[in-house]
């Protein structure tokens, strides 16, 4: 009896991936050893790491285009630090679209001047600032492409000549995008890619060459790139499971196919939010996320009966983040359409009780 | 058909742990969700993290003694950086007993003066410097309690009044030790504790209070401690599997019982190294590690037949590190006595072919 998992992250992964990952913890591909007890220098794990890196580049259309894929540790939170340590010469620009941008800004301030180019903080981050003019003298511009907590997403990228850096933790591999517009982007695995414990960084070779030298080894993209993500022992299980998920995605038809699937799911839930008199959407319509649909109860509506209904229906993880309240349906790549349909049915059932 | 796994790390874990971990990837304790798709803020995962922390303190005898256990990311390599960032005011002492100490020293030099108090580098780290006088004005003294590559281990701790910091990556939880003599010790999980991807740090509260303030969030022990290792998304699977291993260790009778088991295994293999005319031990006898037994072929002996024998016997992972050559039998907590007995049999069989 599997629950319908709308968790914001760590979050649902494809069922076949969980089966394969589970089997590999017992024994990897008939080698007489578990995945988690083999050396990271074994030919088996080197093949896994290589395959994961190749799939990440292939799926984003960056293979052979002068990019490298790194699998690191420490989550996006460590990337807030590493991006600034490696790239800040004097000043960088940040577009502040939520709690995670805010944290990235805080860490970057240690290493230089941070210019908050635009922010939607005054409206509790319910929209994406648009038509923003980017100064030409920045070391880089940093954006958060999808804002998990607030349910907003960049649907058009800022136009700029300075290196574009993005935290894509909650929408990587979910949609076709001009990935080559970025000089570096990163994502904690635990939404669309794998279990918590590894972080994908995709970085342009030409940017690697311009990075600061005086950076501690574990914080240096150049060192991790030179060592093929094997400078130190990599997080074997999270990397393996990410590889499985990327393989699954490729078999689904890649990003193009999954985007269509995600659009169908998003349309279903947003249409219901807009139609249903018991709920109001949180994010500005034109900036709505295709990954996290945030919605609140309409004024005067008591949600207790709704909570009882979705709980009874084995729906899990739709409580909203405390900064927004209400509900959040995270509809990542691996979430089946039937789970979204069930949620919509429950929303309708609730409305009828009012 | 399970191989006999002598890998230096990632390395063997108890078979029951691998079974339980594998099952949890399918479904955690009948909750209708996989371990790797639940929120780290769920009551289930909070209980796992709490239990892992409690077991780490309990097993080292530090529960209720003013210590905290943290489960972080980034391996010992990140600890080389974090210890210095958080603790270095002006100068620190390091005892250099091998490649990992060397790396720790390199990272620490960014943050202050590093005094290499003693080193065994001139003998390719085949012994542990003893009778070392520790200056009283250091911010801390850093040692590596067990040297995986060279097969040496501190059997007596340096006497000092300054805070004692240790990298215990390859011998934590393997032997009774005055753990309260340390102010902070850390270990990558992937030897005696769990799969690669999490790092245990045990730190004294009184040391936490004296740490440097101006440290990036992800590098700050104080922040990780204040947030109960949940400042950012923890590596769920590695933490869970570490918890299972610590639970297993407790059920074995704790560190006291496992030490006896480890001593039996070490005696068996070292007695054979000393007896067998085909091999010579690498490390000085009095400093031999109870975790990694390093040995080379005796002069004029060709190892090809030995390699064929152990390979045919389904022994895995005994090739020595390139810095030492020869062989290394890593005999961590979870390695059964029968695997060591088999290796000894093969060593004897090889000798008879000469």
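The values are calculated or read from the model by the stated rules, or taken from the named source; none is laboratory data. Since the model is a prediction, treat every value here as computed from it, not as a measurement. With ideal geometry, Cβ positions are generated from the backbone for all residues, glycine too; neighbour counts draw on all protein chains shown.
Residue B:223 versus (1) within 11 Å of chain A (Cβ to nearest Cβ); (2) in a loop (DSSP other than H, G, I, E, B); (3) in contact with a helix residue (DSSP H, G or I) (Cβ under 7 Å, 6 or more places away or on another chain); (4) surrounded by fewer than 22 Cβ atoms within 10 Å (Cβ to Cβ): which is the lone unmet condition?
So the condition that residue B:223 fails would be (2).
Any idea how many residues of the range A:309-336 are in a loop (DSSP other than H, G, I, E, B), surrounded by fewer than 17 Cβ atoms within 10 Å (Cβ to Cβ) and more than 20 Å from the chain's Cα centre (by Cα)?
Number satisfying all stated conditions: 3.
Sort out which residues of the range A:7-19 are buried (at least 22 other Cβ atoms within 10 Å of the Cβ) and farther than 19 Å from residue A:185 by Cα, and write them in order of number. Walk me through how you get there before you give the answer.
Initially, the range A:7-19 is screened for residues buried (at least 22 other Cβ atoms within 10 Å of the Cβ), giving A:7-13, A:17-18.
Across the range A:7-19, the qualifying residues are A:7, A:8, A:10, A:11, A:12, A:13, A:17, A:18.
Do we have residue B:115 as modelled with pLDDT of 95 or more, under 17 Å from the mean Cα position of the chain (by Cα) and not in a helix (DSSP H, G or I) here?
It is false that residue B:115 is modelled with pLDDT of 95 or more, under 17 Å from the mean Cα position of the chain (by Cα) and not in a helix (DSSP H, G or I).
In the range A:77-102, what count of residues is obtained for those that are under 18 Å from the mean Cα position of the chain (by Cα), in a helix (DSSP H, G or I) and buried (at least 24 other Cβ atoms within 10 Å of the Cβ)?
5
Residues of the range A:226-240 being closer than 14 Å to residue A:51 by Cβ and within 11 Å of chain B (Cβ to nearest Cβ), which ones?
Once the filter is applied, which keeps residues that are closer than 14 Å to residue A:51 by Cβ and within 11 Å of chain B (Cβ to nearest Cβ), the range A:226-240 yields A:234, A:236, A:239, A:240.
Identify, from the list A:314, A:287, A:302, A:345, the residue that is away from every other protein chain (no Cβ under 14 Å) and within 25 Å of residue B:34 (Cβ to Cβ).
A:345
Considering A:266, A:293, A:305, A:283, which residue is in a helix (DSSP H, G or I), in contact (Cβ under 8 Å) with a residue 24 or more places away in the chain and touching a strand residue (DSSP E or B) at 6+ places or on another chain (Cβ under 8 Å)?
Being in a helix (DSSP H, G or I), in contact (Cβ under 8 Å) with a residue 24 or more places away in the chain and touching a strand residue (DSSP E or B) at 6+ places or on another chain (Cβ under 8 Å) holds for just one of A:266, A:293, A:305, A:283, which is A:266.
Need a quick list: strands (runs of 3 or more DSSP E) entirely within the range B:118-207 having at least 1 residues that are touching a residue at least 24 places away in the same chain (Cβ under 8 Å) and within 14 Å of chain A (Cβ to nearest Cβ).
B:164-167, B:184-188, B:199-204
What residue, among those in the range B:239-260 that are assigned to a helix (DSSP H, G or I) and out of contact with any helix residue (DSSP H, G or I) (no Cβ under 7 Å at 6 or more places or on another chain), is farthest from residue B:206 (Cα to Cα)?
B:260
If the requirement is being touching a strand residue (DSSP E or B) at 6+ places or on another chain (Cβ under 7 Å) and buried (at least 22 other Cβ atoms within 10 Å of the Cβ), which of these qualifies: B:144, B:160?
Details: B:160 fails: buried (at least 22 other Cβ atoms within 10 Å of the Cβ).
Step by step, each of B:144, B:160 is checked, and only B:144 is touching a strand residue (DSSP E or B) at 6+ places or on another chain (Cβ under 7 Å) and buried (at least 22 other Cβ atoms within 10 Å of the Cβ).
Given the residues A:39, A:22, which is the only one that is without any contact (Cβ under 8 Å) to a residue 40 or more places away in the chain, within 9 Å of chain B (Cβ to nearest Cβ), under 30 Å from residue B:27 (Cβ atoms) and crowded, with 22+ Cβ neighbours inside 10 Å?
Checking each option against the conditions leaves just A:39.
Conditions tested, residue by residue: (1) assigned to a helix (DSSP H, G or I); (2) without any contact (Cβ under 8 Å) to a residue 40 or more places away in the chain.
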position	(1), (2)
B:8	no, no
B:18	yes, yes
B:29	no, yes
B:32	no, yes
B:44	yes, yes
B:48	yes, no
B:63	no, yes
B:71	no, no
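Please determine whether any residue of the range A:49-62 is over 21 Å from residue A:227 (Cβ atoms), buried (at least 21 other Cβ atoms within 10 Å of the Cβ) and within 14 Å of another protein chain (Cβ to nearest Cβ).
Checked against the condition, which is being over 21 Å from residue A:227 (Cβ atoms), buried (at least 21 other Cβ atoms within 10 Å of the Cβ) and within 14 Å of another protein chain (Cβ to nearest Cβ), the range A:49-62 yields no hits at all.
Given the residues A:115, A:105, which is the only one that is touching a strand residue (DSSP E or B) at 6+ places or on another chain (Cβ under 8 Å), surrounded by fewer than 22 Cβ atoms within 10 Å (Cβ to Cβ) and within 14 Å of another protein chain (Cβ to nearest Cβ)? Before you say what the answer is, go through the steps one by one.
Numbers: A:115 fails: within 14 Å of another protein chain (Cβ to nearest Cβ).
Checking each option against the conditions leaves just A:105.
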